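Asks: This structure is in structure tokens; I'll ask about it shortly.
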Amino acid sequence: MAPTAGQASPATITRSYTKSRHGQIHYRIAGSHGSRGPLLLLHPSPLTGSVFENLMADMARDRLVVAPDTPGFGMSDPPSTPPEIQDYAAIMRDFIADLGLGIVDVMGYHTGSLTAVEMSCQSSDVVRKIVMISATLFTREETEGFRTKYVPKTADERTAEAAARWKWFKTEFWKMEKSDHRKLNLFLDGLRNPDWSAWGHNAAFNYDIATALQESAHPILVLNPEDDLWPYTPRVAPLLKNGRVHDLTGWTHGFLDAETAKVGIILRNFLDH
């Protein structure tokens, strides 16, 4: 889509590495510092920062946008032991400092949204506003049920089930993505690193999101698409001191690509006012 009059063209995304306490962090970056603060994008597990590429190109028209692969995912080195959400948040705080980003807005997707909230608890002076895509507010019984689904698998187990998983991912899960090629690349991202690919989910199941939300006074916008967390996300509404839940009825995984411009409007209306 061509930019309208007075609107900048989509920004170019470049990739780089920086050091962390656990090795190297791979990240995507676009745009430049300006009157609006940087936007940090944190992906869902077990995917990578690539899920944000189209959104980055749009949002970086008027701000700096950075999307790291969190440690153990994509091309970022893993910690030596399974991390918790608190660990991911501390690593991202270091990441912000290493890149000299200053005060940032943070948008997280599923597991990434928990890290965003925890960052606001650990580093309230570094995080300005938070956007969560869905929320994992489960009962104890629901959490234990989810734990049985997300366990480490060997490379042989992953490849043996890949064809069936791809069919499910393509037709039932990441449904709004229009490009099968892009959808396949996202799917393959999720197959990387079988030894620690379940770490993000397990960290999410261990995290007390209810207490963290009650402690955070930051402005929070919770986007609620009709994805696998659609029934659970509205539960956070009473916990938000300074936020709201915004239902995205009819949207599901893949909406960042299928409705990039509309997502950009929603984000700018929240972040820039």
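The values are calculated or read from the model by the stated rules, or taken from the named source; none is laboratory data. What you see is a predicted model, and the numbers here were worked out from it, not measured in a lab. Here the Cβ is made from the backbone with ideal geometry for all residues, glycine too, and neighbour counts use every protein chain on show.
Asks: Within the range 87-114, track down each residue that is among the hydroxyl-bearing types (Ser, Thr, Tyr) and more than 13 Å from SER216 (Cβ to Cβ).
Replies: Once the filter is applied, which keeps residues that are among the hydroxyl-bearing types (Ser, Thr, Tyr) and more than 13 Å from SER216 (Cβ to Cβ), the range 87-114 yields TYR88, TYR109, THR111.
Asks: Tell me whether the range 102-117 contains one or more residues that are among the aromatic types (Phe, Trp, Tyr), outside any strand (DSSP E or B) and either surrounded by fewer than 24 Cβ atoms within 10 Å (Cβ to Cβ) or touching a residue at least 12 places away in the same chain (Cβ under 8 Å) (or both). Outline the logic, then answer.
Replies: If we filter the range 102-117 for residues that are among the aromatic types (Phe, Trp, Tyr), which is where we start, we get 109.
Filter once more, keeping what is outside any strand (DSSP E or B): none.
Scanning the range 102-117 turns up no residue that is among the aromatic types (Phe, Trp, Tyr), outside any strand (DSSP E or B) and either surrounded by fewer than 24 Cβ atoms within 10 Å (Cβ to Cβ) or touching a residue at least 12 places away in the same chain (Cβ under 8 Å) (or both).
Asks: Given the conditions (1) surrounded by fewer than 15 Cβ atoms within 10 Å (Cβ to Cβ); (2) over 18 Å from the mean Cα position of the chain (by Cα), and given that ASP247 satisfies all but one, which numbered condition is not satisfied?
Replies: For ASP247, the failing item is (2).
Asks: Which condition breaks for ALA89 when tested against (1) among the aliphatic types (A, V, I, L, M); (2) buried (at least 22 other Cβ atoms within 10 Å of the Cβ); (3) over 15 Å from the mean Cα position of the chain (by Cα)?
Replies: (3)
Asks: Next question. From LEU188, LEU223, LEU248, grab the single residue that is touching a residue at least 40 places away in the same chain (Cβ under 8 Å) and either within 30 Å of THR81 (Cα to Cα) or among the aliphatic types (A, V, I, L, M) (or both). Let's see the steps before the verdict.
Replies: Details: LEU188 fails: touching a residue at least 40 places away in the same chain (Cβ under 8 Å); LEU248 fails: touching a residue at least 40 places away in the same chain (Cβ under 8 Å).
Of the residues listed, the single one that is touching a residue at least 40 places away in the same chain (Cβ under 8 Å) and either within 30 Å of THR81 (Cα to Cα) or among the aliphatic types (A, V, I, L, M) (or both) is LEU223.
Asks: Can you name the residue in the range 144-158 that is touching a helix residue (DSSP H, G or I) at 6+ places or on another chain (Cβ under 8 Å) and outside any loop (DSSP other than H, G, I, E, B) and, of all such residues, is surrounded by the most Cβ atoms within 10 Å (Cβ to Cβ)?
Replies: Only one residue fits best here, namely ARG158.
Asks: So which residues in the range 79-88 are part of a loop (DSSP other than H, G, I, E, B) and polar (S, T, N, Q), if there are any at all? If you could, list the steps in order and put the result at the bottom.
Replies: Filtering the range 79-88 for residues part of a loop (DSSP other than H, G, I, E, B) gives 79-84.
Answer for the range 79-88, where residues must be part of a loop (DSSP other than H, G, I, E, B) and polar (S, T, N, Q): SER80, THR81.
Asks: What tally of residues in the range 118-132 results from selecting those that are of a type outside the set (A, V, I, L, M, F, W, C) and either part of a helix (DSSP H, G or I) or within 18 Å of LEU229 (Cα to Cα) (or both)?
Replies: So the count comes out to 3.
Asks: Quick one: which of LEU184, LEU191 is surrounded by 13 or more Cβ atoms within 10 Å (Cβ to Cβ), farther than 30 Å from ASP125 by Cα, among the hydrophobic types (A, V, I, L, M, F, W, C) and over 18 Å from the mean Cα position of the chain (by Cα)?
Replies: Details: LEU191 fails: over 18 Å from the mean Cα position of the chain (by Cα).
None of the others qualify; the one that does is LEU184.
Asks: From the residues in the range 99-135 that are farther than 17 Å from PHE52 by Cβ and among the acidic types (Asp, Glu), which one is modelled with the lowest pLDDT?
Replies: Step by step, filter the range 99-135, then rank; the result is ASP125.
Asks: Looking at ALA162, is it loosely packed, with under 13 Cβ neighbours inside 10 Å, out of contact with any Asp or Glu (no Cβ under 6 Å at 6 or more places or on another chain) and touching a residue at least 24 places away in the same chain (Cβ under 8 Å)? Before the answer, list the steps.
Replies: Numbers: loosely packed, with under 13 Cβ neighbours inside 10 Å: no; out of contact with any Asp or Glu (no Cβ under 6 Å at 6 or more places or on another chain): yes; touching a residue at least 24 places away in the same chain (Cβ under 8 Å): yes.
Here the answer is no, as ALA162 does not meet what is asked.
Asks: Now, a different point. Here is a check on your reading of the model: is ALA135 aliphatic (A, V, I, L, M), in contact with a helix residue (DSSP H, G or I) (Cβ under 6 Å, 6 or more places away or on another chain), crowded, with 24+ Cβ neighbours inside 10 Å and part of a loop (DSSP other than H, G, I, E, B)? Steps first, answer last, please.
Replies: Values: aliphatic (A, V, I, L, M): yes; in contact with a helix residue (DSSP H, G or I) (Cβ under 6 Å, 6 or more places away or on another chain): yes; crowded, with 24+ Cβ neighbours inside 10 Å: yes; part of a loop (DSSP other than H, G, I, E, B): yes.
So ALA135 passes the test.
Asks: Give the residue, chosen from PHE146, PHE173, PHE187, PHE138, that is at pLDDT below 95 and either out of contact with any strand residue (DSSP E or B) (no Cβ under 7 Å at 6 or more places or on another chain) or under 23 Å from PRO71 (Cα atoms) (or both). Spell out the reasoning first.
Replies: Numbers: PHE173 fails: at pLDDT below 95; PHE187 fails: at pLDDT below 95; PHE138 fails: at pLDDT below 95.
Exactly one residue qualifies, and that residue is PHE146.
Asks: Follow-up question, since we're still on this one. Any residue in the range 244-264 that is farther than 27 Å from GLU172 by Cβ and among the charged types (D, E, K, R)?
Replies: Looking for residues that are farther than 27 Å from GLU172 by Cβ and among the charged types (D, E, K, R), one finds at least one in the range 244-264, hence yes.
Asks: Here is a further query. Please work out which residue is surrounded by the most Cβ atoms within 10 Å (Cβ to Cβ), limiting yourself to the range 227-243 and to residues that are in contact (Cβ under 8 Å) with a residue 24 or more places away in the chain, over 29 Å from LEU184 (Cβ atoms) and not small (Gly, Ala, Ser).
Replies: Looking only at the range 227-243, we keep the residues that are in contact (Cβ under 8 Å) with a residue 24 or more places away in the chain, and these are 227-230, 232-233, 235-236, 239-243.
Next, from what is left, pick out any that are over 29 Å from LEU184 (Cβ atoms): 235-236, 239-243.
From what is left, the residues that are not small (Gly, Ala, Ser) are 235-236, 239-242.
Details: ARG235: 16, VAL236: 24, LEU239: 18, LEU240: 19, LYS241: 12, ASN242: 11.
Filtering the range 227-243 for residues that are in contact (Cβ under 8 Å) with a residue 24 or more places away in the chain, over 29 Å from LEU184 (Cβ atoms) and not small (Gly, Ala, Ser), the one surrounded by the most Cβ atoms within 10 Å (Cβ to Cβ) comes out as VAL236.
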